[in-house]
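K.L.:
Can you keep this structure in mind? I'll have questions shortly.
The values are calculated or read from the model by the stated rules, or taken from the named source; none is laboratory data. Every value quoted in this text rests on a predicted model; they were computed, and no experiment measured them. Every residue, glycine among them, receives a Cβ derived from its backbone with ideal geometry; neighbour counts consider all protein chains shown. All accessible areas refer to the heavy atoms of the entire protein, side chains included, with ligands and DNA or RNA removed. Shrake-Rupley method; radii C 1.70, N 1.55, O 1.52, S 1.80 Å.
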Number of protein chains: 2
Amino acid sequence: MDDARIRPRPGSPGAARGHATRDDRVGMDRLADQWSGLVILLLADGTRRYAELRSALREFAGGISEKMLTQTLRGMERDGLLTRRDHQTYPRRVEYTLTPLGLSLREPLLTVCDWSARHREDIRRARARYDASP
Amino acid sequence: MDDARIRPRPGSPGAARGHATRDDRVGMDRLADQWSGLVILLLADGTRRYAELRSALREFAGGISEKMLTQTLRGMERDGLLTRRDHQTYPRRVEYTLTPLGLSLREPLLTVCDWSARHREDIRRARARYDASP
DNA sequence: CGGAATCCGAGACGATACTG
DNA sequence: CAGTATCGTCTCGGATTCCG
């Protein structure tokens, strides 16, 4: 589906053939991490500051560490999904905004999110049943 | 979005509050791994055997280890996305088939997959630009 | 406030070998 | 064929500390 994944990494023995590093990902894979999708959805309503994102993520995803948030945002900026704007004030103020590309991801994302919401209970039940059986 | 994620793990210090294990995931999170989504798409055309899946995955995803494939399939079975059927023959023959639930995931998945295909190049360019800048 | 740097444990994942 | 078992490495990602 994406051959960027099979490109090996120089120094790593385990990577003799395969094993992608997060940075090698493209497209669908970018959504594969915990956070990118959520950030898209949060920013779809408009620009948000770093701290706003952080607290929003705390509210309905159990929280994200500063490190992960920064890392996620940087990765998304790199992929052209959002732009970062640093107003050089004090106290500091950094805002994140979706690019058109990032925004275009919203719809597809919602279909999956929607599926997830609708079948969350089905899955929970299936899981309970499976775990209960011999 | 899903509070199953914040349930801590008994023995792990890092899990004082957070850090999901793959097994705690629900819904959207299940797609978050490399393979589940791909398996859904492969099985959407019909029942497949273990080895068939494995070689299909080798063909357009750089290959999956037996361990990971088994692990993925078991997880998906647990979530009620597919069923496993072991014909007790020799040589052995184990078939995997999507459940209606698993099949229902196909459409949402395709919309994302489609987005990915359409914007792969945009992303690659954005990335190149970002990496080239100071 | 919005990070960067460092440390470190847990677990994801591949490789290999063995089994029914 | 379809796994299981064991092992080892590498990465993820939280905690903590420091900075402008």
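K.L.:
Checking B:Met76 against (1) in contact with a Ser or Thr (Cβ under 8 Å, 6 or more places away or on another chain); (2) open to solvent by 50 Å² or more (accessible area, probe 1.4 Å), which single condition isn't satisfied?
P.N.:
(2)
K.L.:
Can you report the number of residues in the range B:110-134 which are within 7 Å of chain A (Cβ to nearest Cβ) and under 15 Å from the mean Cα position of the chain (by Cα)?
P.N.:
The total comes to 2.
K.L.:
I want to confirm something. Restricting to the range B:55-69 and keeping residues that are open to solvent by less than 50 Å² (accessible area, probe 1.4 Å) and within 13 Å of DNA strand D (Cβ to nearest atom), which single residue is nearest to A:Arg120 (Cα to Cα)? Spell out how you get there, then give the answer.
P.N.:
Residues of the range B:55-69 that are open to solvent by less than 50 Å² (accessible area, probe 1.4 Å), as a first pass: B:56-57, B:61-64, B:69.
Narrowing the set further to residues that are within 13 Å of DNA strand D (Cβ to nearest atom) leaves B:56-57, B:64, B:69.
Values: B:Ala56: 29, B:Leu57: 27, B:Ile64: 27, B:Leu69: 23 Å.
So the residue we want is B:Leu69.
K.L.:
Something else: Filter the range A:86-103 down to residues that are more than 10 Å from DNA strand C (Cβ to nearest atom) and either in contact (Cβ under 8 Å) with a residue 12 or more places away in the chain or farther than 18 Å from B:Arg125 by Cα (or both), then give me how many there are.
P.N.:
The number of residues fulfilling the criteria is 7.
K.L.:
Moving on to the next point. Give the range B:74-105 a look and list any residue that's in a strand (DSSP E or B) and not aromatic (Phe, Trp, Tyr), or say none.
P.N.:
Selection gives B:Leu82, B:Thr83, B:Arg84, B:Arg85, B:Asp86, B:His87, B:Arg93, B:Val94, B:Glu95, B:Thr97, B:Leu98.
K.L.:
While we're here: List the residue pairs whose Cβ atoms are under 7 Å apart, where the first residue sits in the range A:52-81 and is among the acidic types (Asp, Glu), the second is away from DNA strand D (no atom under 13 Å from the Cβ) and open to solvent by less than 20 Å² (accessible area, probe 1.4 Å), and the two are 6 or more positions apart or on different chains.
P.N.:
Pairs found: A:Asp79/B:Ile123; A:Asp79/B:Ala126.
K.L.:
When you scan the range B:84-101, do you find a residue that is among the hydrophobic types (A, V, I, L, M, F, W, C), more than 9 Å from chain A (Cβ to nearest Cβ) and open to solvent by 50 Å² or more (accessible area, probe 1.4 Å), even just one?
P.N.:
no
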